[in-house]
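Engineer: Structure incoming, see below.
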Amino acid sequence: MFANWRNSLQEFLDWFLRKRAHIRFFFPKLFLLFVLINLVCYWWALLTTYPQHLASWKGDEYVLLGFPVAVLGAIFDAMSFYVTLAIVRRALASQSNVRFVSYLSVDVFIAVLATFWVLFAFVASGWVVSIVLDRPETLTYRTELYEGRFWKAVLNPLAPDNIRNIYFGMMMGASALLPTLYHFGVAIYSMFRWMAGHMLAIRAR
């Protein structure tokens, strides 16, 4: 199983290095891709949870909010992407399976950090947008607002409003979760390949 897992990650790394070598301005293009992904996630989350906000007196604020949130999200995604590549290199260079899994498990920590980065992105972006629209709010107010929503979701996750907020946060952190989801997907795929090969070997006997 671990051999298949390593081979799949090596194939991904080789594919990425080839693409990076042949695409001009690779990093700016990658960053713009992350901005677009975050913008799509923002609008999808907004339209599927709070579409009524767009028709409220703060509708313009919600429209403008998506752009700085998408940029800040892209900054985190770009950094986590290259951290993930470094982790993959170290994992592939490790000799033991325990160290291999230990390196890859760091991506779970990155996924947790993504949650707090989303909160920071909304606090900072909301503050900037309030200044642009001449409805100035303090950073303290914005921080307390999103901290309150966060703890309500943690303490009572099944409340309807909290379910929507959790879903909204998961959508906004979806792009940062991609490396982690990829690792889990490759691990599960490798396990099934190993099980299938093992069963075929038993039948061949």
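All of the numbers you see were taken from the coordinates with simple rules; none came from a lab. As the structure is a computational prediction, the values presented were derived from the model and not from experiment. Every residue, glycine among them, receives a Cβ derived from its backbone with ideal geometry; neighbour counts consider all protein chains shown.
Engineer: Regarding the range 18-107, what is the average projected area of its C-alpha convex hull, in nm²?
Structural biologist: 7.9 nm²
Engineer: Still on this model: Taking the Cα atoms only, what angle lies between the long axis of helix 2-22 and the longest principal axis of the chain, rounded to 10 degrees?
Structural biologist: The helix 2-22 is inclined about 60 degrees to the chain.
Engineer: Over all distinct alpha-carbon pairs, what is the Kirkwood Rh of the range 69-121 in angstrom?
Structural biologist: Here the Kirkwood hydrodynamic radius works out to 11.9 Å.
Engineer: Would you work out the Kirkwood radius for the range 93-193? I mean one over the mean of 1/r across all pairs of different Cα atoms, in Å.
Structural biologist: It works out to 16.1 Å.
Engineer: Write down the Kirkwood hydrodynamic radius of the chain, to one decimal in angstroms, obtained as one divided by the mean of 1/r over all alpha carbon pairs.
Structural biologist: 19.4 Å
Engineer: Against the longest principal axis of the chain, how steep is helix 106-132, in degrees 0 to 90 to the nearest 10, with axes from Cα atoms?
Structural biologist: So the inclination is approximately 20 degrees.
Engineer: Efficiency by 1/(1 + (r/R0)^6): what FRET value for Glu144 and Gln95, r their Cβ-Cβ distance, R0 = 41 Å, to the nearest 0.05?
Structural biologist: 0.25
Engineer: Turning to a different aspect of this structure: Label the range 107-166 by shape, choosing from rounded, prolate and oblate, from the square roots a ≥ b ≥ c of the eigenvalues of the Cα gyration tensor; if a/c is under 1.5 it is rounded, and otherwise prolate applies when a/b is larger than b/c, oblate when it is not.
Structural biologist: Oblate shape, in that a/c is at least 1.5 and b/c is the bigger or equal ratio.
Engineer: Also, quick follow-up: Extent of the range 23-70 along each principal axis, from alpha carbon coordinates, in Å, largest to smallest?
Structural biologist: On the principal axes, the range 23-70 reaches 43, 18, 10 Å in Cα extent.
Engineer: While we're on this one: Kindly express, to the nearest 10 degrees and within the range 0 to 90, the angle between helix 26-49's C-alpha long axis and the longest C-alpha principal axis of the chain.
Structural biologist: 60 degrees
Engineer: Separate question: Under Stokes-Einstein, with the Kirkwood radius over Cα pairs standing in for Rh, what whole-number D in µm²/s applies to the range 60-151 at 10 °C and 1.306 mPa s?
Structural biologist: This corresponds to a translational diffusion coefficient of 105 µm²/s.
Engineer: For Phe12 and Leu113, FRET efficiency with R0 = 22 Å and r from the beta-carbon atoms, rounded to 0.05?
Structural biologist: Calculated value: 0.50.
Engineer: With unit charges on the beta carbons (Lys and Arg positive, Asp and Glu negative) and the dipole taken about the Cα centre of the range 11-101, which residue among Ile75, Pro51, Phe12 sits farthest to the positive side?
Structural biologist: Phe12
Engineer: Work out from phi, with θ = phi - 60° and the Karplus expression 6.51 cos²θ - 1.76 cosθ + 1.60, the ³J(HN,Hα) of each residue of the range 149-158, listed in order in whole Hz, and give x for Gly and Pro.
Structural biologist: So the Karplus estimates, Gly and Pro as x, are 5, 4, 6, 4, 5, 6, 7, 9, x, 8 Hz.
Engineer: Additional query: With each label point set 7 Å from Cα along the Cα-Cβ vector, what nm distance links Phe25 and Val71?
Structural biologist: 1.7 nm
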